[in-house]
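Heads up, the thing below is written out as structure tokens.
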Amino acid sequence: YIYFFSSKENKETFMKNPIKYIRQPKPKPAVPVKIAIVGPPKSGKTTVAKKFASVYGLLRLSMGDAIRLVLDSQPESELALMLKWHLHKGLTVPDELAIQALDVALMNHVCNTTGVVIDGYPVTRKQVNLLESARIIPVKIFELDMDAKEVFRRALLDKESTSRLPYPEHDSSQILAIKNSCYKQHIDAIRTYYKKEHQNWCVIDAFQSKWWIWKKVLQEVQLVVKEIQIYLERIKEGKAAGIADLCVTPEELRYRLGEFGQYCPVSLAEKGELVDCSVTSSLQFAAEFRGHYYKMASQEELDKFLSRPEVYVPPLAPHPLPPPDKLPKKLTAAEVKALFPISAEMQGYCPVTYLDGKQRYEALVPGNIEYAAKYQNKVYIFESEEKLLKFMRLPEKYWNLKLPHKLPPIKEPILLTALPLAGYLEQAIATSLIKALNEVGCLKPKFPFLSIKKTALLFVACHLKAHNPRSSEPARQRYRRKLARFMEHCQLVPYLGAAMAGPYREPRRRPLGLDGRLQAFLSLK
């Protein structure tokens, strides 16, 4: 055999001990990777794309590159002639022709052996649809996220740069503002589509350094390539393989679902639980086996399925999935009302709370219509979402319960004003009264010439008025000022008691303000 080396040093190292390097495990199959990078102007898209091209040999393709490639390599083709017709008239190339040019450019041998980086495309929802129709689906799309302020800051730095190109560029602030505005207008719809359909969208913080961005993008790409390589190896060996990074669409998933639909086969086999995985569109815990897709409840179940898939699918699976009419179905409050005159089973009490509470009288808790389910043509209402999910997993355990003869009294709403005085006070002003009594207990006020009892009553009355949530703000402020004056007068007694202790003193030897406070005290009589 003939072997090729990347350097002379490697060749010499090999010649010293060739057996060591020949007997190493074979490398994983090469996977041509197709990625796209989008972002506002000046976010660093081309820098990252060129880095992939120089370091890993991927072909960097912008839409302009694709059109020029067609014009240069196939000048007499029908596509090239149509492109020239638009360009010679000074028109923008239509998206339909641009996608055709991109499709031709992707036939390059580098794209099919190493991979391609699509630079700055797609930027509108229409372009996304055209890419889908041409089956051009990147395994990962990176969005370099950056605000407008940073766009203009970088543009200013570029203009001041000494390494600027000799010919004029379309990077004036007006043009950048228009490009940035158009990008922001369409990017939300594009992001939403790819996240929903292919789950291949990755947002990168473009404020970071170019080395940080490059490292982050490279990590994501390496992870995707590794997952694809593992998938190809395992499928070739007839094993189960994860499909998390394969851009599987929801439509394809539905078409290729296995015998268990979107229910976890591992949970059904080991615990007899019906765990519905359709609540999330993520394929993080999904796998392919014998041409069918299966969704698992968590990483633990996925690991078990990947190690021994045959024991969880027919014919070795211990529990088959019940027919659709025997599966529990969640209901909204509107759907429950629409089923009238069908009423809830167990008179609306939560079956899960009742059974888990060992069928005691205290465990009879009324359900909430927001958490309802239909099973075996019967409607059940649950106390909380947690109890509803428990029922959805094990409906057979909870569905056929009987109520005891003695039931709790029906709770009927009662008007606040219909309560006796003590009950009215408890329900209406208990919190405010407790705060007022707590404060009067801490401050222990004593108003001049009034008993302690009357002082406390006046304080509580002012406190309630000052903190009444149903009063207007000016009224509350007025009573707060009144409460503050009341407390000032209450402070006169301890102040004068301390200041007037001892023998008589001449007016000039008395503390400052004593006479004024003494007059205020006597005036309150």
Of everything in the stretch 49-67, what is assigned to a helix (DSSP H, G or I), under 24 Å from HIS88 (Cβ atoms) and among the aliphatic types (A, V, I, L, M)? Give them in sequence order.
MET63, ALA66, ILE67
What tally of residues in the stretch 1-35 results from selecting those that are assigned to a loop (DSSP other than H, G, I, E, B) and surrounded by 10 or more Cβ atoms within 10 Å (Cβ to Cβ)?
7
Residues of the stretch 244-269 being touching an Asp or Glu at 6+ places or on another chain (Cβ under 6 Å), open to solvent by less than 30 Å² (accessible area, probe 1.4 Å) and modelled with pLDDT under 90, in sequence order, are THR249
Restricting to the stretch 204-233, give me the number of residues that are of a type in the set (Phe, Trp, Tyr) and either open to solvent by less than 80 Å² (accessible area, probe 1.4 Å) or closer than 23 Å to PHE285 by Cα (or both).
2
Does LEU79 count as touching a strand residue (DSSP E or B) at 6+ places or on another chain (Cβ under 7 Å), touching a residue at least 24 places away in the same chain (Cβ under 8 Å) and open to solvent by less than 30 Å² (accessible area, probe 1.4 Å)?
no
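Table: residues versus (1) of a type in the set (Lys, Arg); (2) open to solvent by 20 Å² or more (accessible area, probe 1.4 Å); (3) over 31 Å from the mean Cα position of the chain (by Cα).
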residue	(1), (2), (3)
HIS292	no, yes, no
LYS326	yes, yes, yes
LYS330	yes, yes, no
SER343	no, yes, yes
When the residues of the stretch 457-490 are narrowed to those that are among the aliphatic types (A, V, I, L, M) and open to solvent by 60 Å² or more (accessible area, probe 1.4 Å), which ends up farthest from ASN438 (Cα to Cα)?
LEU458
Restricting to the stretch 271-290, give me the number of residues that are open to solvent by 60 Å² or more (accessible area, probe 1.4 Å) and farther than 20 Å from MET392 by Cα.
2
Take the conditions assigned by the TED database to the domain that holds ILE175 and polar (S, T, N, Q) and apply them to ASN129. Does it pass?
yes
Does GLU386 satisfy being in the same structural domain as LEU331 (by the TED database), modelled with pLDDT under 90, open to solvent by 50 Å² or more (accessible area, probe 1.4 Å) and assigned to a helix (DSSP H, G or I)?
no
Selection over the stretch 408-444 where residues are surrounded by 12 or more Cβ atoms within 10 Å (Cβ to Cβ) and not charged (D, E, K, R) yields a count of 12
Residue count, the stretch 135-149, condition under 15 Å from ASP205 (Cα atoms) and either open to solvent by less than 20 Å² (accessible area, probe 1.4 Å) or out of contact with any Ser or Thr (no Cβ under 9 Å at 6 or more places or on another chain) (or both), comes to 7
Filtered residue count, the stretch 294-324, keeping only those that are open to solvent by 50 Å² or more (accessible area, probe 1.4 Å), closer than 23 Å to LYS397 by Cα and of a type in the set (D, E, K, R):
0
Which of the residues belonging to the stretch 95-134 are open to solvent by 40 Å² or more (accessible area, probe 1.4 Å) and more than 29 Å from the chain's Cα centre (by Cα)?
GLU96, GLN100, ASP103, MET107, ASN108, HIS109, ASN112, THR113, THR114, SER133
Provide a single number: the residues in the stretch 326-341 that are farther than 11 Å from TYR380 by Cα and modelled with pLDDT of 85 or more.
9
Considering the stretch 406-457, residues that are β-branched (Val, Ile, Thr) and under 23 Å from TYR495 (Cβ atoms), and then whichever is nearest to the chain's Cα centre (by Cα), we arrive at VAL440
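The values are calculated or read from the model by the stated rules, or taken from the named source; none is laboratory data. Keep in mind it's a predicted model, so treat the numbers as computed, not measured. Ideal geometry is used to build each Cβ from the backbone, glycine not excepted, and the neighbour counts take in all protein chains shown. With ligands, DNA and RNA removed, areas are computed over all heavy atoms of the protein, side chains included. Shrake-Rupley method; radii C 1.70, N 1.55, O 1.52, S 1.80 Å.
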